[in-house]
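A short write-up of the structure that comes next.
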Amino acid sequence: MTGSSPLGRVVILGYGNQGEAHARNLRDSGERVTVAARAGRGAEARARAHGFEVAPPEEALRTADTLAVLLPDEAVPAAWPEWSPVLGGVRTFVFAHGFNLLYGTLAFPAEAAVVLVSPTGPGRVIRELYEQGAGVPAYLAVHQPGAGDAWSVATHYATALGSARARLLRTTVREETEVDLFGEQAVLCGGMNALVSAAYGTLVRAGYTPEIAYLEVVHQLRYLAELLHARGVAGLRRGISGTALYGDLTRGPRVINAASREALERMLAEIRSGEFAREWLAEVAAGRPVLDRLLAEAEADPIEEGRRRALGEAAAPVRDGTPTGGSGGRS
């Protein structure tokens, strides 16, 4: 290992949204960081532009004392057998999400610590808050203790990310993974996107102007979310008008009702049983036909045209479907 840091040389595998933030924050905290990236890819160009030493994965992984595995969840299982033969010198494996630890079959050297350091925010926010002298809270868990003090190393890594400036919470890999998946599906991605799309469609079908419908049910969401983040549910309710408050408490239960709660319970049961993970991994193995079809349908939703009209934007370019790395909603 190098210097006095328990991390030694840190190799970042996956220079997407999470990977870039981890690499830059760790380096700015005094850690020695190398980025593993294939030649000619966008990740290599971005990492070099940020001043990092970059090497092909097969070369970089041989030099790692600490390996931060920040590839997309679905990319790790297929790549792991290729890289396993060069991982014998790694003393600590760091994951930002527990999906592959809980549901996968990854093999690690017996003496290595395998830890979870999961910041509760996307990479952009992790970096921005670090630069402001702040940080996002992080969950810490130990999957495999190894030969050393795994909790201490996880804490050091999280501190170098800036998360100790906020709060570090000890948990388990199972709890972090299941709660994260549920949060993404029920609220942060699935629930929110489905709700705003349904509300927008209701207004437009009733004859209201698409631009105004969009600004009302989507654009204003940011300001209420910021208020919720700052004050909590009760504090948000103290910050809105009496009319809005009455509508909240009398009409909200019509949106989230007994049927909704039953659906949430079923979603959580699918996560806890591993059914969702098996379904997702089978979808990846099949080439993502269902995901690609649903994504194409979603991007053709009239709400996208409403957004462009409301904000005066040109049509968005077609996505190439390439993942940018990281851990689910936190990528």
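No lab work stands behind these numbers, since they all come straight from the coordinates. Computed from a predicted structure; not experimentally measured. Here Cβ is always computed from backbone atoms with ideal geometry, including for glycine, and neighbour counts include all displayed protein chains.
Here are a few things to note about the model shown:
- Of Val125, Tyr15, Thr155, farthest towards positive along the dipole that unit charges on Lys, Arg, Asp, Glu beta carbons give segment 9-172: Val125
- For Val86, Val115, order by how many other beta-carbon atoms lie within 10 Å, fewest first: Val86, Val115
- Computing FRET efficiency as 1/(1 + (r/R0)^6) for Arg205 and Ala107, where r is the C-beta to C-beta distance and R0 is 41 Å, gives about 0.15.
- Considering only Arg38, Arg127, Arg293, the mean-square fluctuation computed in a Gaussian network model of the chain, springs between alpha carbons under 10 angstrom, is largest for Arg293.
- Stokes-Einstein diffusion coefficient of segment 180-321, Kirkwood radius over Cα pairs, 4 °C, 1.567 mPa s, in µm²/s: 73
- Radius of gyration over Kirkwood radius for segment 58-99, both on Cα atoms: the Rg/Rh ratio is 0.94.
- Cα Rg, Dmax (largest Cα-Cα span) when computed across segment 158-203, Å: 16.0, 47
- Coarse-grained scattering of the chain at q = 0.11, 0.12, 0.14 Å⁻¹, given as base-10 log I(q)/I(0) from a Debye sum over alpha-carbon atoms: -0.81, -0.95, -1.22
- Among Phe182, Ala282, Ala206 - extreme Cα towards positive end, dipole of the chain, charges at beta-carbon: Ala206
- Choice from Gly201, Gly133, Gly121 showing the highest fluctuation, given a GNM over the chain with Cα pairs closer than 10 Å: Gly133
- D_trans [Stokes-Einstein, Kirkwood Rh over alpha-carbon pairs] for segment 62-129, 37 °C, 0.692 mPa s, µm² s⁻¹: 254
- Among Ala36, Ala78, Ala55: highest mean-square fluctuation, GNM of the chain, C-alpha pairs under 10 Å: Ala78
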